[in-house]
Structures are given as C-alpha cells and as structure tokens.
Amino acid sequence: MAEKSLEQVKISIRVEIPYLWTAGKYLARLYNEIKENERFVANKCPKCGRILFPPRIVCGRCHVRASDEWIELGPRGTVKDYTIVYYSMKDPSTGKPRPEPYPHAVIVLDGGGLIQHYLEETDPEKLRVGMRVEPVFKPKSERVGHPTDIRYFRTVEE
Amino acid sequence: MSERIGIVAVAQTKYQKSRPDVRESELVYEVVEKLLTETGLRFTDDGTGIDAAVTCSHDHWDGVTISSWPIADVTGGHLRPEEKVAEDGIFAAYYAFIQILSGHYDVVLVTAHTKESQTSKNLIENSSFDPVYHQMLGLDYTMCAALQAKRYMYKYGITEEQCARVVVKNKKNACKNPNAQEPAELEIGDVLSSRPLAYPIRYLDKKPTSDGACAMILAREEKAKKLTDRPVWIEGVGSCYEGYYIGDRELGDCENLIKAAKSAYRMAGISDPKKEIGVFEISEEYSYQELLWTEGLGLCDKGRGGTLIESGATALDGEIPVNPSGGLLSGVPTNVAGLSRVAEAVIQLQGKGGDRQVSARKALAQGMCGPCGQLQCVMVLGI
Ligand SMILES: [Zn+2]
C-alpha cells in the first residue's frame, strides 16, 4: 500500500538580539580622533616597533603590552589589495542593502598601518594596486566615532 | 596517571555588573598579565614557556562567530596553538589537562571570559533551544530552572526557606571575597520577599548579571614544581551529558551530576567525598541548585540537600564548606563560572583564601552548561 507522503514543515524565525559593545580604551582613542579631528592614530609595539592599527593592547607577535606612544597616520594612503563586490550585502550600520558593485580595499596609510574600507572609484578599468587615495569623511554633525564616519577613500592625483 | 598535572597559578578579575571600560582583549589581559607576572612565564615556541592556550567564550554571548579571535593576541594565539571550548570554562581546564596528559604540551594557559552586560541573557539562552520547537515558546534557562526547582521541591519536600538559606550563606561568604560582585548580609525574609521571576524562583534566587574573566596555568608535574612551591594537582575529572528534552529528564534528581562525580571520584580514588574532600566550589546559578548539586555530589542522600544546609555543614565554618567564595549567586559570568570554581578551589588549597580560607587538602570544583545543569563536569583537586 502506498503511503501518503507527509508535507514538509518549515519554520521561519527572525532572531534579533541586541548588543551594546564597548570599543575599549585603545579603539576609543582612534574613534574619537576620527570623529573630532578626521585623523587616524595608532600605537606601537615597544619590542618589534611595528605599528598597531587599529590600536590594541598587546602586540600579538611579541606578546608584550603596546607602548603608550601614539602616532598619527595618513590620512592619505596607497591601495594594497582590492576586490569588487557584485552582490548586495547588508550595510550593518544602516541595516539596508549596499548598492553594488562596490570596491572593498586594503589601504596602507601613509606612515604605516592598514585600513580596510570602500573606494569611491567603481570602474574596474581605473582600479589598480598602488593607486593613491584619501578618506572622505561624513560631515562632523553626522559622525558618531566609527570607521563608517568615512564614506570611502577617493582617488587622488599626486 | 603516570605523571601528575598541576595548576600553578590562577587569576580572576573583580566581577562586576558591567565593564564598559574594556573590550574582551583588555578584560582577558588583566588576568593573563597577572599570571605572566606571577610565574615569570612567557609565550614561547621552544618549550621554555607557555606552549599553548585553551580559551572559553561563547559566540552568541560575544556576538561574533569564532569568539576567541578578539583575545588571540592576549592569549598568545598569534601563529601559535589556541583552541576554544564554548560550554563552560571548566571544560577548557579539562581540555588543557588532556593536552598535557597526551604528552603534546607541558604548560598550557586556560582563560574564560564573558561580558553578560553587553546583551540579553534571556535572548541568548532562548537561542540555545530547538528553533523548530521550543525557541518559539520563548523559553530561557530561568523558566527551565523554575520547573526543576518546583519538581525538586514537590518530590522531596524541599522548601523555599531552605533555598533562600543558600542565598544568605553565599552572599555572606562573598563579604570575605574581594573579587565578589554582590556581597550582602541578608535575612531569609529578604530573599523570600524579593520580586518573583518564575515561580518558585525570585530575583535573589538567581545569579546576577556579571562581567569578568578568569585564567590559570596548568603544567606537567616536573615543571609545575619549578613554577610554584604550592602546585595543586588535578586528581580526577568526570563529565556527563543529559538529554535535551526537559520532559525526558527526571529534574528532581541530577543523574548526570551523580555520574560525573562518580567518574571523577573513581579517578581520584575517593570513596567518601564528605570525609575526604574538605571544600566544594560549585555552580549554583539558582539557589535550589546548590542543594540539588550537593546531593548529586554525594554529600547527602537524595532529597536531603535542604536538611544539609540547615545543619550548618556547608557553611564557611562547617565540616564541608560549600562555596566559601560566595558562589555564582554573588555574581560570576556564565562561561567563566566553572573555571572560577576551579580557581577558588586552587586558592583554598594554596592557602591563599584570606578571610574565606578553610582547612582542606582536597577540593572539588563543579561546572555546568545548559538548562537545569544539562552538561556537568566535576574536578577533584589535591595537594
Ligand atoms: Zn611586536
């Protein structure tokens, strides 16, 4: 006797869990500099001398506490790596989908330190490793103290 | 065991309701830096320092998958071994113990951290339930604990007053623990008149929200003896899981804890824990749990946990002090909970308990995870 097949049951749940993260004292210093002064700051490893950006408590390579010496980086930098994203990804800061395609890049700030951010230039023909860029900040009234206070990095001719 | 494994140093933050001043790495480095200073150890690859790290944290609690990345730098995880357990910190200690037993490493760092204040405990707990069944009923651990408390009371005649005694005892003990979050001198009536959360559990019957971290260093015997003149040996460990469905479990007894304890006692050669073990640091997220867990650990017969606390035996000056630290009811974060029990057991055996010091040569630490103590772990330590 043929058994009647059961209907599949699917359950849809939207899980929303609120978080209130703290940036800690090292990131807070960078975020305040972005918000107030459109500046990037980093701390350094006292042992190997490398720049810790974003700033943090310990140099993971040397296992020592970062020094209290702070330095300013950028704001201009050079594109080290990039990709062009062709699918829509939620922008966590707005909750809305980001218009695609958009470039996502790793930028070496002048003076050292790597920052990941968007590029204004979306034409693949005009993107290249080694291109010079500078940050475009939101107006001060819109800045909250976060990397999203930077709209993107735009190409500069030098 | 051919060679013993020892805990050579432990460190805890002061537990606090909220630590908005630090992020995870900064919180954990508070305890790691204390250990590095105390032992003189460094993270090395040549066998002269800390060989590896085992950490405990939870993706949902921290709001990131792979919740150990924010602490990789401060636990020596940069191009080195770092592994995470997500259930409770006592399992991180268990894992490190096994790593050393395997012969692979000599010295291992263990950490646990959680900042409960950064999200909602109820929602995090809710997400641990079956998404196609219980999650939509809005369950959390407090509701499950209430079902267990009621079952335990109904089955054995345990009273709300007896449960309230646990709160009074532990918060009073916490007054002697400088790391404790919420020490208090309470009367039974204060507990019974605190606001109801889920009958029969009231506000003061439940562990408060807490932020903090705990860390320790485990070492092979030969190295442990060089690192401290007071190593504490891990003599036995046992763990036991229980079924998921609350309805499948007999909540009024804790068969999984009974089995975990038996396993640890067998390994440690303990035949009468009440006589042979001098101090117990156990995980009571809710007041009734201390009574039920003392039964599971074999400190009294089933259903006699209430009578045991009434006798005064589990008080700071009793024969078998339970939670001289003030326990979880005085405020210790989830995940850190079990590891802090081990740390407090070590503190007692090293004679560093200050005003909360009791006399003991063996100690027991118990950790757990899941609703109603679904996963249990027992560790017996000795000097
Ligand atoms: Zn370095």
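The values are calculated or read from the model by the stated rules, or taken from the named source; none is laboratory data. Please read all numbers here as calculations on a predicted model, not as lab measurements. Note: ideal-geometry Cβ built from the backbone for every residue, glycine included; neighbour counts use all protein chains shown.
Listing for the model above:
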| item | result |
| --- | --- |
| Answer residue from the stretch B:34-58, given it is part of a helix (DSSP H, G or I) and in contact with a strand residue (DSSP E or B) (Cβ under 9 Å, 6 or more places away or on another chain) and is farthest from B:V22 (Cα to Cα) among those | B:T39 |
| Test for B:S210: is it of a type in the set (S, T, N, Q), more than 14 Å from chain A (Cβ to nearest Cβ) and either touching a strand residue (DSSP E or B) at 6+ places or on another chain (Cβ under 6 Å) or surrounded by fewer than 22 Cβ atoms within 10 Å (Cβ to Cβ) (or both) | no |
| Single residue of the stretch A:52-73 satisfying the filter (crowded, with 17+ Cβ neighbours inside 10 Å and within 30 Å of A:E142 (Cα to Cα)) that is farthest from the ligand (Cβ to nearest atom) | A:L73 |
| Filter result for A:K25 (within 27 Å of B:E82 (Cα to Cα), within 16 Å of the ligand (Cβ to nearest atom) and surrounded by fewer than 17 Cβ atoms within 10 Å (Cβ to Cβ)) | no |
| Complete set of residues in the stretch B:235-252 that are part of a loop (DSSP other than H, G, I, E, B) and out of contact with any strand residue (DSSP E or B) (no Cβ under 8 Å at 6 or more places or on another chain) | B:G243, B:Y244, B:Y245, B:R249, B:E250, B:L251, B:G252 |
| Qualifying residue in the stretch B:22-37 (condition: farther than 29 Å from B:Q118 by Cα and more than 9 Å from chain A (Cβ to nearest Cβ)) | yes |
| Subset tally (residues that are more than 18 Å from A:E69 (Cα to Cα) and within 13 Å of another protein chain (Cβ to nearest Cβ)) for the stretch A:1-50 | 16 |
| Where A:V79 falls short, out of the listed (1) crowded, with 20+ Cβ neighbours inside 10 Å; (2) within 16 Å of the ligand (Cβ to nearest atom); (3) more than 30 Å from B:L35 (Cβ to Cβ); (4) β-branched (V, I, T) | (2) |
| Long-range neighbours under 7 Å by Cβ, at least six apart or interchain, first residue closer than 13 Å to B:V168 by Cα within the stretch B:279-291, second modelled with pLDDT under 95 | none |
| 2 or more residues out of contact with any Lys or Arg (no Cβ under 8 Å at 6 or more places or on another chain) and in the same structural domain as A:F137 (by TED's automatic domain parsing): qualifying strands (runs of 3 or more DSSP E) within the stretch A:1-98 | A:77-85 |
| Selected residue (only one of B:I270, B:I258 is part of a helix (DSSP H, G or I) and farther than 30 Å from B:L41 by Cβ) | B:I258 |
| Positions within the stretch A:28-51 being within 16 Å of the ligand (Cβ to nearest atom), surrounded by 21 or more Cβ atoms within 10 Å (Cβ to Cβ) and among the aliphatic types (A, V, I, L, M), in sequence order | A:A42 |
